[in-house]
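Worksheet: one structure, shown below.
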Protein chains: 2
Amino acid sequence: MQRTEISTMGEFGLIHHLTKDLKPQQPSTIRGVGDDCAVMDFSEGTPVTGDGLRVLMTSDMLLEGIHFNLEYVPLKHLGYKAAVVNFSDIYAMNGTPTQITVSLGVSKRFSVEDLEALYSGIRLACERYGVDLVGGDTCSSMTGLTIAITCLGTAKAEDIVYRNGAKQNDLICVTGNLGTAYMGLQLLERERLAVMGDGSRVTAQPDFEGKEYLLERQLKPEARRDIILKLREAGIRPTAMMDISDGLSSELMHICRQSGVGCAVYEDKLPIDYQAVVLAEEMNLNIVTCALNGGEDYELLFTCSLDDYEKLVPIDDIYLIGHITKPELGTLLVGRNGEEIPLKAQGFNAFQESEK
Amino acid sequence: MQRTEISTMGEFGLIHHLTKDLKPQQPSTIRGVGDDCAVMDFSEGTPVTGDGLRVLMTSDMLLEGIHFNLEYVPLKHLGYKAAVVNFSDIYAMNGTPTQITVSLGVSKRFSVEDLEALYSGIRLACERYGVDLVGGDTCSSMTGLTIAITCLGTAKAEDIVYRNGAKQNDLICVTGNLGTAYMGLQLLERERLAVMGDGSRVTAQPDFEGKEYLLERQLKPEARRDIILKLREAGIRPTAMMDISDGLSSELMHICRQSGVGCAVYEDKLPIDYQAVVLAEEMNLNIVTCALNGGEDYELLFTCSLDDYEKLVPIDDIYLIGHITKPELGTLLVGRNGEEIPLKAQGFNAFQESEK
């Protein structure tokens, strides 16, 4: 029997391969696999005008040893992050998260107090974002901790923003800064090795001084509800949007492929945090590469019409990084000296990390 | 720091402990943790009459080594079952399943062909039950296979059946037969050991002759959509309902506790399959104990008004096993000689099986 290694396909190739010929049978299914969320219309036969309410649904799984390392991630933070990354997918559709279910697989290593800590983080996230925890499943596992969360949300039909709506000449915007969560992970990993004694330094305590923001971005990300609300107030409806979980390059390529367009983003426009630059220098990493390919920032990447430029400028923490082009121009990074470099989706590919 | 072992609480105690003081913030949340599904009303401010459509949501996680053993469970069957057990939870609320998301954690042991087999089972189940696969997540794991499925469904508000509506003198009914899936598991386990050579028998091939039905019940359970439709046609609305995934005793105790009632079920009324009886004798197991506590039958347990008795009788494959009593009488099994034995929820407790 033929055996094709999953690693030869990558995560997105695999998902595409397994789901490419799914045909919806339910009239309520508006959009299935292929965006940040699925979209459902449960108005059931009622003639739906433009402002019908849609239900959004997204699911994520986090596995110990792949997505998190409990040597440096407190369980409360892990719970918070596990919930927030799902909210982020709902906001990335221009929706509002409303309910989650949480399924846990836990080995005997974990105590009731551990799960209380994990739940306290999930609940804190739910309180802050106004989301209800409505169910789930808790079962034992042979090894480690597994967290699977599904989030529902709502949006008016005409508000929903998919990945496939980017048009030529649209502006490309990102929020916050890029590569910071990745640099936070590098810092945690460096200090873990230092404390364990890798020979490079004598220390009993990790040294995070002056780099607290990097840790916060890695350990306790927030979903950009604030930006979604500000865009709404300003009367801006993005033409395409997604959240940056796998790195800017990878996400930009999704939007361009699904929208049938190209893009040019400018290296000197990428928003990069000062602490991240300092650490990248210390660790001899290229910060632009980190900003393009580092995952887990959970910032928003969106495109909008040039006509919205004036409305966009006053909004804090949104950065114009480039524009949408004709498809035949490809997906390009324009360097500081004007050189054009094709973007690569070398981002965060969890399948390269599997051990067994 | 205090350390309380999870095993001291059990699955339901743990879930109750972690979720007991959750307060819904979303007006759309009608019912959260504590039933087969959560219930949402997304009609958003529209004055909802009795027949407003509700959205149901349920999540399940299946872990290799805990919930399934790939030595004898084909991946296609596993996919089918993983989907169907979620549909069963939606039917148990008297709803119709509509969409699922599937999140997978897979180690390098698995090939693309393996995942195709798993997905083919999921898709077959979806086709048969008219459900759409609309999303999910696929990521690598350090060890083994993890499957987390969330299912959405719909029901008219007045059709939804919770666990807490059983009334004194209601009839207690179950569908199909009980303990059969558990006996199928015993058979698979016995033949696995025989083939591996436990010394009891010389064999190179498992011997399932005459016991195929037991295997089918374990490997390829179906959700009782047929019963839900027949009850609807007959104009019967159960007062309480759930599906039997952890064993009849455990489920009956859930209904009685949540409804504030007691029950009496009769040993000689329990529907038990002939093949299960034969195997139980061969294996020196008490078939009544298996019927009461064996999990994974995915049959329906429901209560309904005595007034529905006449309508109930003509429906195939529904069995009256007892009646609801005053709470002070407790939850009782009445034996063949009239003896009264308190039911125990010793069912399928996944936390007793954890290895590490």
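Give A:81/B:81; A:20/A:156; A:156/A:311; A:76/A:108; A:167/A:230 a once-over and call out the pairs whose C-alpha atoms are over 24 Å from each other. Where the Cα-Cα span goes over 24 Å, the pairs concerned are A:81/B:81; A:20/A:156.
Legend: mean number of C-beta atoms from other chains within 10 angstrom of residue C-beta atoms, peptide A:227-239, equals 0.
With coordinates expressed along the principal axes, the C-alpha atoms belonging to chain A extend over 63, 53, 53 Å, beginning with the largest. Taking only the alpha carbons of segment A:6-159, we obtain Rg and Dmax values of 17.3, 54 Å in that order. Both the radius of gyration and Dmax for segment B:160-250 are 18.5, 56 Å, in that order, over alpha-carbon atoms.
The order of B:4, B:331, going from fewest to most other C-beta atoms within 10 Å of their C-beta, is B:4, B:331. With neighbours defined as other Cβ atoms within 10 Å of a residue's Cβ, the residues A:241, B:57, B:1, B:196 order from fewest to most as B:1, B:196, B:57, A:241.
Label points for residue B:326 are taken 7 Å from Cα along Cα→Cβ. From this copy to the others they lie 8.7 nm apart, shortest first. With N counted as the residues of the protein assembly as shown, its alpha-carbon radius of gyration over 2.2 N^0.38 Å works out to 1.01.
Counting neighbouring beta carbons within 10 Å and listing from fewest to most, the residues B:67, A:323 come out as A:323, B:67. What separates the residue B:5 label point from its copies, with the point 7 Å along Cα to Cβ, is 4.2 nm, written shortest first.
Give the shape of segment A:112-190 as rounded, prolate or oblate, defined through the alpha-carbon gyration tensor: a ≥ b ≥ c are the square roots of its eigenvalues, a/c under 1.5 means rounded, and otherwise the shape is prolate if a/b is larger than b/c and oblate if not. Verdict is oblate for segment A:112-190. Mean separation of Cα pairs under 8 Å and 6 or more residues apart, divided by the residue count, gives segment A:222-331 a relative contact order of 49 percent. Computed from phi, the 3J(HN,Hα) profile of segment B:217-233 under the Karplus parametrisation 6.51, -1.76, 1.60 (θ = phi - 60°) reads 5, 7, 8, 9, x, 10, 8, 8, 4, 4, 5, 4, 5, 5, 4, 5, 4 Hz, with x in place of Gly and Pro. With the label put 7 angstrom out from Cα along the Cα-to-Cβ vector, residue B:208 ends up 5.3 nm from the copy partners, going from closest to farthest.
Working note: Debye formula, equal point scatterers on the alpha-carbon atoms of segment A:199-310, no solvent; log10 I(q)/I(0) at q = 0.12, 0.14 Å⁻¹ is -0.55, -0.72. Quick one: net charge around residue B:13, please, counting Lys, Arg +1 and Asp, Glu -1 for every other residue with C-beta under 14 Å from its C-beta. That sum, taken over residues with Cβ under 14 Å, equals -2.
Rounded, prolate or oblate for segment A:265-335? Axes are the square roots of the Cα gyration tensor eigenvalues, ordered a ≥ b ≥ c, and the cut-off for rounded is a/c under 1.5. Oblate, because a/c is 1.5 or more while a/b does not exceed b/c.
Every read-out reported here was derived from the displayed coordinates using simple, explicitly stated rules and does not represent laboratory data. Since the model is a prediction, treat every value here as computed from it, not as a measurement. Methodologically, a virtual Cβ is constructed for each residue, glycine included, from the backbone with ideal geometry; neighbour enumeration extends over all protein chains shown.
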